[in-house]
Amino acid sequence: MTQKEISEKIKENFPNAEIKIIDKKQFSVLVDKEQIIPVLAFLQNIDFKELAILTAVDWIDENQFEIVYNVFSYSHYQQILVKARIDRNNPKIQSVINLWDIAKTYERDVHEFFGIEFIGNDELKPFFLHNWLDLPPMRKDFDSLAYSNEVYGKFKEERDK
Amino acid sequence: MVLEMAHGTFACATFNRDFIRGVDMLITSRNDLRDNGWERILNYFRKKSMWMLHYCTGCGAMELPPTMTSRWDMERFGIGPMATPRQADLLLVTGYLSIKSLKRVIYTYEQMQDPKWLIAFGSCPLNGGIYYDSYTVINRLALYLPIDLSIEGCMPRPEAVINGFNTLMKGIEKGTAVGYKKYKENYEWYKKNQDAILNRTKPVFDSGVKS
Amino acid sequence: MNELLTFLGEEDRYKKYELFFGPNHPGMNGNFSYIITVEGHTIKRVDPDPGQLHRGFEKLVEHRLWMQNISLIPRICVPEPDINELVYSRCIEKLMGVEIPDRAKYIRTIVLEMARISAFLLGFSAIGGSTGLYTASHWTIGDRDYLLDLFEWLTGARVYHMYIIPGGVRRDLPEGWIEKLEETVDYIEKRLSEYDRLIYNNPVIVQRLKGLAPITQEDAVKYGITGPNLRATGIKYDTRKAVPYAAYEYLDFDIPVQSDGDGLARAIQRREEFEISISLIRQAIKKMPKKGKVRLDMPNPLKFRVPKGEVYVKVESARGEHGYYIVSDGDTKPFRMAVRGGSYTAGLVYARKALVGMRIEDVALWMATMDVCAPDFDR
Amino acid sequence: MIVLKYIAFALTSIIVGLLFMGLGRKYSARIHRRYGPPFWQSYLDVIKLFSKTSISHHWVMDFGIMMGLAGILATIAFLPIGPFHLFNSMNGNIIIMLYFMTIGYLGMAMGVSASGNPNSAIGIARALTLMLGYEIPFVIVVISLIFINKSSLLSVMVANQAGGFLHWNMIRYPLGFIAAEMALQGMLGEKPFDAMIAPSEIASGPMVELSGKMMGLGFLQHAAQIFLETAIITSLFLGGSSNVWIFFLKMFVLYLVSLSINAVSARFKFENAVKWFWKWPMALSLAQLLIVIL
């Protein structure tokens, strides 16, 4: 299928979806957060089997998180960025672990760095970070430099020992 | 005949001078001989046979394979990779250290047997380097562990690494590379610094909430 | 961790025990750890413990200018840093909608294939190292240095080149470099038969690799396994062919595939792609325009703004699909950059399935054949 | 007198063993296309190891490691080194030597298991399993040689091989020699059969917890072991020698052959190694036994 056919098919099944062409092998689909599982299941059925990455974007000005599911097909050679926006104050979304096993780890990753809750994923334990107590670090309002100065730069005066 | 004799004397003289200089460097006085003589002799063997721990803590480890293998071959100097901290004398901190690695590096360093040395690679263990504003990378390794030698470069080239090893050898022979003693003497201070970042109980910023 | 401890507490501690495979385990390449629960010699449970190399790149790039990031991002993947520069530069070029000069495309191809060859040589040495065949490690890494010398001549650095920049490459090829490259490639090709004799025809290595954790095609797609590991299962897909970048669309090459998907197939797949890379370098040298610009004129780096938009660009690395997802809000800094490391899926996700039931002596070999590289998923 | 002589024996074995190790490292380095350490590197290593502090987890660990070295050194007492020997009545009784060698391994096993590291436990389990593999073909070869010589004394076997190159057992009984050479590879723990050390699998196995002086003792044990095992094979098959230096040279050649195989082969899994031992060397040694008996 060409890009056009796929996007038309998506439009047909999900009239609410906002489709934006990025280039000739890639386009993005913005859907409601309730629709994310049906859309991904639909894409999986038309051979979009590879979940290349699952990540999030912190749109702090709009007070929203955008979850990006990046799927790819080995037969159509198309990359689709399926996106859903969720409220920043109550970051919760359905987990897609029933569609992709691998999403378990991606969601654990995103949970750790953004603090987004994935309903249905029981593996949201700490992963990369050690004893993390502050705001999830990838959020836009977390100041990395200030944190680093506070924690790792504190003993500058004491160093001449 | 004369020539031969002269040559022999000359050779003998150089030998003697070298020998005396060597003794000079090793032992300065009779008391010194009594107190440290044995240690100084052992230091010679320590510097000639340094086993480094096979632990790649950061990107600088990428230049260690060339250093170890055919082209630069550091086994020429008696330096070889070792599998576990118990057997090793050298700990190479090859670049930046995230806190998670720092914890393991501290465990590793404490597992190693005296005398032991720690070499820091590149600018990251000195001041954070390019990761000065990262939330997981420590800025100054010297606060948590005693560094015996720092090698400059990002990442240090194999020549620099080998040069660093040679510098450390000199330090060991002169008895100036005694980081492990410093660590023992100032253990409380090091421990306090380590605890401050490894076992934090409170978030750094008030806004911090664990979700 | 606690869960694991209680889980262990209920079992017979003499039969079942916990083994830390890494971070300072000689079989582990990189600073990464598997916490393995072993019963006898058999692995019952695997918990990857990443984060020892975590530097927070995705956060750091948000605080640096677009051009400043060029010096930061190669550090994401240490054995093959050039792919990062390429992906990042292509993201910016796509967002800006510019096309780079032809000569730059070919130079990029040559640099990428050289990086690929050096990564494969490291991979060969890993197979040698994890089976105890140290001669192979010494030879391959020694030969890799010839490539690093060329890189040094071209870019001034042995490992982090920062050569591919948005808009092309940093500077043109020095005089005599191409001839030296041809010589080196010839030499490495000649050495290949030695490697064959030493590694790929070595009965012990073949015996150990055969049937080592075979991947089925369904699993490979489901778990997002890419690159040589995917092709070893028989799926004929290569990013260089399917979504071409640099000068790959002008070059003629075939994608080799294997059918078994086991350790031997993965090793031989890499071995065959090695030859493809050599032929690609030769073709690129031949077809490259002799003169021309190698870089577009880009705006002042301090005021360099990239138009608003988002893009995901991926590249075929030695470990698989290496991609960046970049969002720009039209500012002087990237708004968000997400990294998909080439071995994220193999090392963090698929390992939990593949390693169970395996014996501990195969873990290092499995990592070598899958080419798991910690820095690219630790970021 | 005999005590002094024994001390000389033990020291010789260690010093020559370490020299072999050093030269062997140089030799392997040249195969790797590199320069390699100086040949006296092993001595420096041992002295350095003894200058380090060491840590012990249990008194059994100390005891076991020492027993390991003692077992090997005790075996040296029965070994005729060239023209020299310690006991006139038991001048290289091969059966006693095989028994005593086992003490060394068992001591190591005991000490290492007491260290409590799972890696070392796995390593020692592998070492003992492998021992089961190579000891049996080796013992069969030894039995056939005892049968031929009607004696279990190495000195008698050496005497029977006197008279030049063609009288060596290596030429007269080639199948047995090949089987013994294969077993030697396993005894020395060189490459296809080094599953017990295997740094990339179990982080150097038995040596994981050995530090400083213990590691030094382990080093010495390995050196003495190289000496002992190559010396036994030299006496059995290469006709020994009445000249010590030629005797050492023959041993060194055997060691180099072993190192050459080591340099180009990968590591067997231990069960494959045992299978291999029970297939090839076993078949060869049995064939040799049959030829000898019939």
Please pick out the residue among A:ILE53, A:ILE86, A:ILE93, A:ILE116 that is within 19 Å of C:ASP378 (Cα to Cα), touching a helix residue (DSSP H, G or I) at 6+ places or on another chain (Cβ under 8 Å) and modelled with pLDDT of 85 or more. A:ILE53
Those residues that are closer than 23 Å to D:MET196 by Cβ and surrounded by fewer than 19 Cβ atoms within 10 Å (Cβ to Cβ), I need them from region D:250-275; list them, please. D:LEU256, D:VAL257, D:SER260, D:ILE261, D:VAL264, D:GLU271, D:ASN272, D:LYS275
So which residues in region C:78-104 are facing another protein chain (nearest Cβ under 10 Å) and of a type in the set (A, V, I, L, M, F, W, C), if there are any at all? C:VAL78, C:LEU95
Here is a check on your reading of the model: is D:LEU79 at negative phi, surrounded by 17 or more Cβ atoms within 10 Å (Cβ to Cβ) and without any contact (Cβ under 8 Å) to a residue 12 or more places away in the chain? no
Breaking point among (1) part of a loop (DSSP other than H, G, I, E, B); (2) surrounded by fewer than 15 Cβ atoms within 10 Å (Cβ to Cβ), for C:GLU194: (1)
Would it be correct to say that B:ASN193 is of a type outside the set (Phe, Trp, Tyr) and out of contact with any helix residue (DSSP H, G or I) (no Cβ under 7 Å at 6 or more places or on another chain)? no
Please enumerate the residues belonging to region A:110-130 that are in contact with a strand residue (DSSP E or B) (Cβ under 8 Å, 6 or more places away or on another chain) and under 20 Å from C:ALA346 (Cβ atoms). A:VAL110
Residue within region C:298-311 that is among the aromatic types (Phe, Trp, Tyr) and surrounded by fewer than 17 Cβ atoms within 10 Å (Cβ to Cβ) present: no
Is region A:138-155 home to any residue that is of a type outside the set (S, T, N, Q), surrounded by 20 or more Cβ atoms within 10 Å (Cβ to Cβ), within 9 Å of chain C (Cβ to nearest Cβ) and in contact (Cβ under 8 Å) with a residue 24 or more places away in the chain? yes
Return yes when C:VAL349 is free of Cβ contacts under 8 Å to residues at least 60 places away in the same chain and among the aliphatic types (A, V, I, L, M) and no when it is not. no
Residue within region D:270-280 that is away from chain C (no Cβ under 14 Å) and of a type in the set (Lys, Arg) present: no
Between a first residue in region A:102-119 that is within 11 Å of chain B (Cβ to nearest Cβ) and part of a helix (DSSP H, G or I) and a second residue that is surrounded by fewer than 22 Cβ atoms within 10 Å (Cβ to Cβ) and among the aliphatic types (A, V, I, L, M), which pairs have beta carbons less than 7 Å apart while being 6 or more apart in sequence or on different chains? A:HIS111/A:LEU124; A:GLU112/A:LEU129
So which of B:ASP114, B:ASP133 ends up being assigned to a loop (DSSP other than H, G, I, E, B), surrounded by fewer than 19 Cβ atoms within 10 Å (Cβ to Cβ) and either out of contact with any strand residue (DSSP E or B) (no Cβ under 8 Å at 6 or more places or on another chain) or facing another protein chain (nearest Cβ under 9 Å) (or both)? B:ASP114
Of residues in region C:106-139 being under 30 Å from C:ALA246 (Cα atoms) and among the polar types (S, T, N, Q), the one farthest from the other protein chains (Cβ to nearest Cβ): C:THR109
Among the residues that make up region C:79-92, is at least one of them surrounded by fewer than 24 Cβ atoms within 10 Å (Cβ to Cβ), among the β-branched types (Val, Ile, Thr) and either in contact with a Lys or Arg (Cβ under 9 Å, 6 or more places away or on another chain) or free of Cβ contacts under 8 Å to residues at least 24 places away in the same chain (or both)? no
Would you mind stating whether D:MET110 is touching a helix residue (DSSP H, G or I) at 6+ places or on another chain (Cβ under 6 Å), within 30 Å of C:PHE21 (Cα to Cα) and surrounded by fewer than 23 Cβ atoms within 10 Å (Cβ to Cβ)? yes
When C:ARG158 is evaluated against the numbered criteria (1) away from chain B (no Cβ under 14 Å); (2) assigned to a loop (DSSP other than H, G, I, E, B), which criterion, by number, is the only one it fails? (1)
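For every residue, the table says whether it meets (1) facing another protein chain (nearest Cβ under 7 Å); (2) in contact (Cβ under 8 Å) with a residue 24 or more places away in the chain; (3) part of a loop (DSSP other than H, G, I, E, B); (4) touching a Gly at 6+ places or on another chain (Cβ under 6 Å).
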| site | (1), (2), (3), (4) |
| --- | --- |
| B:GLY60 | no, yes, no, yes |
| B:ARG71 | yes, yes, yes, yes |
| B:LEU92 | no, yes, no, no |
| B:TYR107 | no, no, no, no |
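The values are calculated or read from the model by the stated rules, or taken from the named source; none is laboratory data. Note that the coordinates shown come from a computational prediction; the quantities given were computed from them, not determined experimentally. When we count neighbours, we look across all protein chains shown, and the Cβ atoms used for this are built from the backbone with ideal geometry, even at glycine.
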